[in-house]
Every structure is written in C-alpha cells, then in structure tokens.
1. Residues of region 153-186 being basic (Lys, Arg), open to solvent by less than 80 Å² (accessible area, probe 1.4 Å) and without any contact (Cβ under 8 Å) to a residue 40 or more places away in the chain, which ones?
2. Given the criterion modelled with pLDDT under 95 and of a type in the set (S, T, N, Q), identify the matching residue among ASN18, ASN27.
3. Hey, can you tell me all the residues within region 131-152 that are in contact (Cβ under 8 Å) with a residue 60 or more places away in the chain and either open to solvent by less than 10 Å² (accessible area, probe 1.4 Å) or within 15 Å of the ligand (Cβ to nearest atom) (or both)?
4. One residue is enough: does region 181-196 have a residue meeting the conditions within 15 Å of the ligand (Cβ to nearest atom) and modelled with pLDDT of 95 or more?
5. Please go through region 187-197 and give me each residue that is open to solvent by less than 60 Å² (accessible area, probe 1.4 Å) and closer than 20 Å to LEU68 by Cα, ordered by number.
6. Collect the residues in region 47-65 that are near the ligand (Cβ under 9 Å from one of its atoms) and either assigned to a loop (DSSP other than H, G, I, E, B) or not aliphatic (A, V, I, L, M) (or both), keeping them in residue-number order.
7. Specify the residue that is most open to solvent (accessible area, probe 1.4 Å); the eligible residues are those in region 1-34 that are part of a loop (DSSP other than H, G, I, E, B) and touching a residue at least 24 places away in the same chain (Cβ under 8 Å).
8. Give region 66-92 a look and list any residue that's within 18 Å of LYS127 (Cβ to Cβ), near the ligand (Cβ under 9 Å from one of its atoms) and crowded, with 24+ Cβ neighbours inside 10 Å, or say none.
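The values are calculated or read from the model by the stated rules, or taken from the named source; none is laboratory data. Everything numeric in this text was worked out from a predicted model, so none of it was measured. Reconstructed Cβ throughout: ideal geometry from the backbone, glycine too, with neighbour counts over all protein chains shown. When the accessible area is computed, the model is the full protein with side chains, heavy atoms only, and any ligands, DNA or RNA have been set aside. Shrake-Rupley method; radii C 1.70, N 1.55, O 1.52, S 1.80 Å.
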Amino acid sequence: MNLLREERKGRRVLLTRNLAPGKRVYNEELVLKDGVEFRTWDPFRSKLAAAILKGLPEDVVREGAKVLYLGASTGTTASHVSDLVGPPGLVIGVEFAPRVAREFVEHVARERANVVPFVSDARDPSKYSIAQVDVVYCDIAQPDQTDIALANCARLLKKEGTLLLIVKARSIDVLKEPERVFSEERSKLEKAGLKIRSVIELSPFEKDHALIYATA
Ligand SMILES: C[S@@+](CC[C@H](N)C(=O)[O-])C[C@H]1O[C@@H](n2cnc3c(N)ncnc32)[C@H](O)[C@@H]1O
C-alpha cells in the first residue's frame, strides 16, 4: 500500500510511502505508520494530489507503472509519483529549464533509483529514447501543451495506456472561460482517438485548472 488517506483536523490528507526514508523533497511531513515512513502529500502544492482528493481513481498510477512525467520542475509531484510506483516502477522526468532541472536531479533523481531525469524539451519526444510507458503525465503549462502531450502519447504511450493532462486555462487563453478551454482541450484529445474518462476541476486547490484523465 503506497498511498494512505487520513482525516486530520477535519481535512482529508494523502500520504505516500517514502521511497527515500529520512529525505524530504519540499516541506512535507514525515510520518511513521507501523514502522514504515510516509510523506504527507499537499494538494495545494501538487495537482495530482488535488485530483485524487477530487475523485481521480488512485490506482491510475499504480505500483510497478512506468510513467513519463512531462514538466518535472523541481520534482514535488514527481517524487510522490516515484513513491506510488515504488521500486518496480519507473518515473522518467522531463524538464527543460536548467535551474529547476538541476534541483530535480540533486534532490529527487539522485535519491531515488526509480527516477530517470531528462533535461530536454517535451516538444521533441524523439530526444529521450525510452521504451513505451503505461502513463503519460503532462503538466507543462504551455499554450500548445495538448499537442505536445499527444505527440508524446503517439510515440511513447502503450496501447490502453493512460494520459493525465493538467490544463491551466490561463496559459491557453486568458480571455476564455476556463470551462470552455477545458472542453476544447478535451475535444482535441477525443479527435486524436483518446477516450475521456473524466475531467476533474481542481478548485479549491488550484484555480482555473483541470486534470483530464484519458486512455489510449
Ligand atoms: C507547472 S510547472 C510543473 C510543476 C510540477 N509538475 C509539479 O507538480 O511539481 C511546469 C514545468 O514545465 C516545464 N516546461 C514547460 N515547457 C516545457 C517543455 N516544452 N519541455 C519540458 N519542460 C517544460 C517548466 O519549466 C516548468 O518547470
């Protein structure tokens, strides 16, 4: 069991089993449960945690899965994905900004054997020559991010694999209603042949964001 749910001071809390015991990645709490260390997973810092608290099935990222993570940044969420997939899984983290990528390498990839960093542009998936994956997670906050996610899925997502796409409405069009942006991005995925399982709006954790859960 790599994910726990708890109620603390009237709030629902998620925890992931720490793959690097004793190590923190951000300001999360380390909590011992029957001798096993877990890390609190903050839904205000991680859109995947927010989506799980708002109904995304938690087994979408399961133990042993291979995850291509686009937009790893300093690794806040990627580190929890590394906890979820555990030692038999793999997280391939792609990040193109050198400063944050360095932090990701030093604080996350170096401490975790199941994390492989690529300092690379997600626009060109041929640059990271890897085998096909079970899950593509895309959180790059770019206007053309749905096309970038689709290019990665076409090349690297297994048949019946999962795409988790974070849509930041304001990065795509500041003037349009967020609901309309979510619906247009959803249509692009459907046109590309993906099946939409759910569209989860992330408030109150993130304003004007949604996670689209789709399968190939
Ligand atoms: C919203 S942040 C990601 C936050 C991270 N997913 C988390 O939850 O911890 C978006 C990241 O995507 C990166 N990014 C944007 N465009 C990219 C691209 N074309 N290729 C790779 N990384 C990109 C940015 O440098 C930034 O670090």
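1. The one that is basic (Lys, Arg), open to solvent by less than 80 Å² (accessible area, probe 1.4 Å) and without any contact (Cβ under 8 Å) to a residue 40 or more places away in the chain: LYS176.
2. Of ASN18, ASN27, the one residue that is modelled with pLDDT under 95 and of a type in the set (S, T, N, Q) is ASN27.
3. VAL133, VAL135, VAL136, TYR137, CYS138, ASP139, ILE140, ALA141, ILE148, ALA149, ASN152 - these are the residues of region 131-152 that are in contact (Cβ under 8 Å) with a residue 60 or more places away in the chain and either open to solvent by less than 10 Å² (accessible area, probe 1.4 Å) or within 15 Å of the ligand (Cβ to nearest atom) (or both).
4. Checked region 181-196: no residue is within 15 Å of the ligand (Cβ to nearest atom) and modelled with pLDDT of 95 or more.
5. LEU189, GLY193, LEU194, ILE196
6. Listed by number, the list holds a single entry, LYS47.
7. Restricting to residues being part of a loop (DSSP other than H, G, I, E, B) and touching a residue at least 24 places away in the same chain (Cβ under 8 Å), the top hit is LYS23.
8. Listed by number, the residues that qualify are TYR69, LEU70, ALA72.
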